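Quick note: the coordinates plus some simple rules give every number you see, no bench work behind them. Every value quoted in this text rests on a predicted model; they were computed, and no experiment measured them. Cβ sites come from the backbone with ideal geometry, for glycine too, and all protein chains shown count toward neighbours.
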C-alpha cells in the first residue's frame, strides 16, 4: 500500500484501487499538480482494498472516496463494489469506477452497485483533469459520509 499525504490533517482521503503503476502515477501526479489537499492511499486490487477499508491492514481515513479500476487481479472492481454494498459498515462509501472499459455491461453493473460515477480513462485525459475537478468538488464543498460513524446506519 502506498500513501501520499498532503497537509497532515486533511478532511478527505482518496483510496485508489489500481493495479497499473502508470495509471496510479498519473492520478498521483495530477492530484499533486492541482494541489488538492488530501491523502492518497493506493491499493493494488480489490482484496487489498477491502482489507484496508475494513481496518484489517491499516486505519482508513474517516472520510474517503474510492477510485476503483475494473480490471484487476484477485478481485476486480465490480466484485469489490458488490462486497462494499453488501457490507453494512461500508455500504455508504462513495465509489467512482475508473476504467478503460466502454462496455455497456460493465457500466450498467457499476451503476447497479451504486457507483457514483463511471470514468473512462481515455476520456479523463492524459493529466486526469476531469478526475481532479471531480475530486476538488468533493474536497471543497461536498459532504462525504463519516465512515467511522455511519456503520450499520442504513435505515
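What do you get when you divide the Cα radius of gyration of region 15-99 by 2.2 N^0.38 Å, with N the number of residues?
Expressed relative to 2.2 N^0.38 Å, the Cα Rg reads 1.03.
How many nm separate the modelled label positions at residue 116 and residue 51, each set 7 Å beyond the Cα in the direction of the Cβ?
Inter-label distance under the simple model: 2.6 nm.
For region 8-71, calculate the relative contact order in percent as a whole number, restricting contacts to Cα pairs under 8 Å that are 6 or more residues apart. Walk me through the intermediate numbers first.
On the way: 78 pairs, mean separation 32.4, N = 64.
Relative contact order, region 8-71: 51 percent.
At 0.36 nm per residue, and after removing the present C-alpha to C-alpha distance, how many nm does the segment from residue 59 to residue 21 gain when stretched out fully? Before the final figure, lay out each step's value.
Numbers: separation 38, 0.36 × 38 = 13.68 nm, distance 2.30 nm.
Roughly 11.4 nm would be gained on extension.
What FRET efficiency comes out for the pair residue 32/residue 87, r = Cβ-Cβ distance, R0 = 41 Å, nearest 0.05?
Values: r = 31 Å, r/R0 = 0.76.
In this case the efficiency is close to 0.85.
Extending each Cα 7 Å along its Cβ direction at residue 108 and residue 143, get the distance between those two points in nm, one decimal.
Label-label distance for residue 108 and residue 143, simple model: 3.5 nm.
How many nm is it between the label spots at residue 100 and residue 74, if each spot is 7 Å from the Cα in line with the beta carbon?
Calculated label separation equals 2.1 nm.
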